[in-house]
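The structure under discussion appears below in the form of structure tokens.
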């Protein structure tokens, strides 16, 4: 951003309607009030990096190469998820082969 100082450092309100979203860098300090609706609020974080970037130990364990090759070998090259299957990340003994569908039910990735 050019001339970022002209915006100052005071908080900025961004009021969103139901179904709207904000898209910003994960480095942006942000927050929200309590969700008072019956609908869940969710977030999604994605980071896209050049393959020559070397991650801290373990930060690359769940990476997927989106485009091109990784000649450096810095990144794990897991297969891209298919369909509605989502990799389970919170199982330290598991791998990208441990999958759940969008309802949270486990699926067999070998089918």
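The values are calculated or read from the model by the stated rules, or taken from the named source; none is laboratory data. Fair warning: this is a prediction, and the values are worked out from it, not measured in the lab. All Cβ positions, glycine included, derive from the backbone under ideal geometry; neighbour counts span all protein chains shown.
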Take residue 37 and decide whether it is without any contact (Cβ under 8 Å) to a residue 24 or more places away in the chain and surrounded by 10 or more Cβ atoms within 10 Å (Cβ to Cβ). no
Sort out which residues of region 25-34 are within 20 Å of residue 47 (Cβ to Cβ) and surrounded by 10 or more Cβ atoms within 10 Å (Cβ to Cβ), and write them in order of number. 30
Any chance you could count how many residues in region 67-83 are under 18 Å from the mean Cα position of the chain (by Cα), at pLDDT 80 or above and exposed (fewer than 10 other Cβ atoms within 10 Å of the Cβ)? 1
